[in-house]
1. What residue among 10, 33, 72 has its Cα farthest toward the positive end of the dipole of the chain, where the charges are +1 on Lys, Arg and -1 on Asp, Glu, each on the Cβ?
2. For the chain, what does the relative contact order come out to in percent, with C-alpha contacts under 8 Å and a separation of six or more?
3. Restricting things to alpha carbons, tell me how big the chain is in terms of Rg and Dmax, in Å.
4. Expected output is a single nm value to one decimal: the length gained when fully extending between residue 1 and residue 65, i.e. 0.36 nm times separation in residues minus the C-alpha distance. What is it?
5. Mean residue ellipticity at 222 nm from the helices of the chain, using -39,500 (n - 2.57) per DSSP H segment of n ≥ 4 over the full residue count, to the nearest 500 deg cm²/dmol?
6. Would you please put 5-16, 74-85, 24-35, 52-63 in order of how densely packed they are, using the mean number of other Cβ atoms within 10 angstrom per residue and starting with the highest?
7. How much net charge surrounds residue 55 when only the other residues with a Cβ under 11 Å from the Cβ of residue 55 are counted, with Lys and Arg +1 and Asp and Glu -1?
8. Explain nothing, just the number: dipole magnitude of the chain about its Cα centre with +1 on each Lys and Arg Cβ and -1 on each Asp and Glu Cβ, in debye rounded to the nearest 20.
Amino acid sequence: MLQAVKKVEIIITSLEVPAVLKIFKKNQVVNYTEIENVSGSGEHGFSGDDLITNTYLMVICPEPEMVDRLAIALKPLMKKMGGIFIVSDAQWIAH
């Protein structure tokens, strides 16, 4: 049976990954996916081929409150350093 969840996707500079992982730990996020060296294009042009690379982090949140906690905790870092924080509805197989 599928269970409704929230999917949080974060793209930040690789330099900020340790700070984000500290925030994850503080907010009891233990399951996440990390993909290094991602690139793309946005309002500031192409990003990903310079000395500072980007990292993609994905967290599945079974409880919506976790999304709010992460958004509040990550906002100061993202305001200072930039990045992307996306939340979408998803379903996963509860096992």
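1. 72
2. On the way: 151 pairs, mean separation 48.1, N = 95.
In percent, rounded to a whole number, it is 51.
3. Taking only Cα atoms of the chain, I get Rg and Dmax of 13.8, 44 Å.
4. Values: separation 64, 0.36 × 64 = 23.04 nm, distance 2.24 nm.
Gain in length upon complete extension: 20.8 nm.
5. Values: 2 runs with 28 residues, N = 95.
When only DSSP H runs of four or more count, the value is -9500 deg cm²/dmol.
6. So the peptides 5-16, 74-85, 24-35, 52-63, ranked by packing, come out 5-16, 52-63, 74-85, 24-35.
7. Numbers: positive: none; negative: 16, 34, 36.
Neighbour charge sum, excluding residue 55 itself: -3.
8. Working: 9 positive and 11 negative charges, 85 e Å.
With only Lys, Arg, Asp and Glu charged at Cβ, the dipole is about 400 debye.
Bear in mind that the values in this text are calculations on the coordinates, not laboratory data. All values reported here derive from a predicted model rather than from experimental measurement. Ideal geometry is used to build each Cβ from the backbone, glycine not excepted, and the neighbour counts take in all protein chains shown.
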